[in-house]
Each structure stands twice: as C-alpha cells, then as structure tokens.
Amino acid sequence: MFFVVDVASVPILGLEACTKFDLVMKVDGLTETVYSKEMVLREYKDVFEGLGCMTQEYLIEIQQDATPVVHPPRRVSFSLHGKMKETLDHIEKKGVTKVGKSADC
C-alpha cells in the first residue's frame, strides 16, 4: 500500500528500486471496456434482486462521544407528491419500512 503525501523530503526508494522490487510497474496503455446495462445486470444479477436484506445481524459501532442529530423532514415539491406517495406505498407494501404521517404530504 502506498500513501501519497505532499512533503519536501528525500524518498527512501527511487523509481528504479521500486521497479526492481515490483512495487510499481509501467503501464504502456489502457483498454476501456464499455459495459451495457444488460451486461452489468446479467453479471451481478444477485446484487439487483430482492431487498438486499442482511442475512445476519449487523453491528454498527459509533464513537462514544458522538452527538445525536435530528434533521427535519425534507420538503417535497407539490408536483412530486403523487409519485412520492406511490413509491412510499410500494416500499411499505414490500415491508421495507413503515411510512409515518407528515404534515408535508
């Protein structure tokens, strides 16, 4: 693993030594592979199916001195209320979450 730092110092190993130890290598060219949406969906089919639920319990660790923050709900443009309601109803029906009532909708 390498770390790139912006300091004025003399390096311990130069390019020649790094190349001899196979720490770096010269790349003469790059090939660009373009993947279509269908190719990605076929290759990683398991990632795009279902809800993506964890199969086991997962522990999220936070810093002991972390300060909890509560953000107000985001406002949604009136023109998007219908689409938002459809989406919320859909995810609630699938069991992803329970949708609470808001004064905004």
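Relative to the longest principal axis of the Cα atoms of the chain, the long axis of helix 81-93 makes an angle of roughly 80 degrees. Would you kindly calculate the translational diffusion coefficient of the chain, applying Stokes-Einstein with the Kirkwood radius from alpha carbon pairs, for 10 °C and a viscosity of 1.306 mPa s, and quote it in µm² s⁻¹ without decimals? This corresponds to a translational diffusion coefficient of 74 µm²/s.
Between the residues Met84, Gly14, Val27, the greatest Cα displacement towards the positive end of the dipole of the chain, with unit charges on the Cβ of Lys, Arg, Asp and Glu, is found for Met84. Computed from point charges on the beta carbon alone (+1 for Lys and Arg, -1 for Asp and Glu), the dipole magnitude for the chain about its Cα centre is near 680 Debye.
Where a number appears in this text, it was derived from the coordinates with a stated rule and is not lab data. Since the model is a prediction, treat every value here as computed from it, not as a measurement. Neighbour counts run over all protein chains shown; Cβ positions are idealised from the backbone, glycine included.
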